[in-house]
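One structure is given here, and the rest of the page talks about it.
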Amino acid sequence: NLLSNAMERTKSGMKWARSPLKPTEKGMLNIKRKNVTILCNEKNPRACNLARISISNAGIGAIVSLHEGDCVEWDLGGMHGDHRAVIEGRTIFVCNPPWGVRLTEDIDSSWVSLREFLRREGNGAEAWVLSGNKDLTKILRMKKSRTLVVRTAGEDLRWLQ
């Protein structure tokens, strides 16, 4: 019964996600969009390939777009414009920058790229960043409003809003 309820909610949710955004939304009168568009970015080519396979297998390619490369090079329309991907008050960035065993010599540059991307593209959006290192989090120069503690892969991490 629990599984059948979940499947029904999934069908209903996917139908809603693929539906066009109603033109009554603030600032959206001349832009045709779906209710949900999931925009993803991954720097690691192997992880990006796995994500593409997962998106395809899940059948969600119509609402998920994957960009491969450094996030600082990812253009979502910047601070304004009719083609801006970010919808104020309806966009959430969920970020999983390197932590734990993924920490490398160029780790600071990854976090600086994330900071620059969020500053350029994140106006009017909410951001959640997964971090296991307070010093790296300081690179973002952002004030957190909420923290959720999680433990994964043997690491104590924080989701920071």
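Could you work out, for the chain, what percent of all Cα-Cα pairs fall into each 10 Å distance bin, beginning at 0 Å and stopping at the bin that holds the largest distance?
Taking all Cα pairs of the chain, the binned fractions are 9, 32, 36, 20, 4 percent.
Between Val149 and Asp75, what FRET efficiency comes out of the Förster formula 1/(1 + (r/R0)^6) with R0 = 35 Å and r the beta carbon distance, rounded to 0.05?
About 0.55, to the nearest 0.05.
In the chain, with Lys and Arg counted as +1 and Asp and Glu as -1 at Cβ, which of these residues, Asn49, Thr152, Met7, has the Cα nearest the positive end of the dipole, that is, farthest along it?
Met7
Compute the long axis of helix 45-58 from its Cα atoms, compare it with the longest principal axis of the Cα atoms of the chain, and write down the angle in degrees, 0 to 90, nearest 10.
Orientation of helix 45-58: about 30 degrees from the principal axis.
Stretch Met7-Ala47 to full length: gain in nm at 0.36 nm per residue minus the Cα-Cα span?
Value of the extension gain: 11.6 nm.
Nearest 10 degrees, 0 to 90: what angle lies between the long axis of helix 2-18 and the longest principal axis of the chain (Cα atoms)?
Its long axis makes an angle of about 80 degrees.
Given a cut-off of 30 Å, name the pairs among Lys43/Lys138; Lys43/Lys144; Lys43/Lys134; Lys22/Lys144 whose C-alpha atoms lie farther apart than that in the structure shown.
Lys22/Lys144
How far apart, in nm, are two points set 7 Å out from the Cα along the Cα-to-Cβ line at Arg120 and at Met14?
Between Arg120 and Met14, the label points sit 3.5 nm apart.
Every number here is computed from the coordinates shown, using simple stated rules; none is lab data. Only a predicted model underlies this, so the values are computations on that prediction, with no experimental measurement involved. Virtual Cβ from ideal backbone geometry, glycine too; neighbours counted across all protein chains shown.
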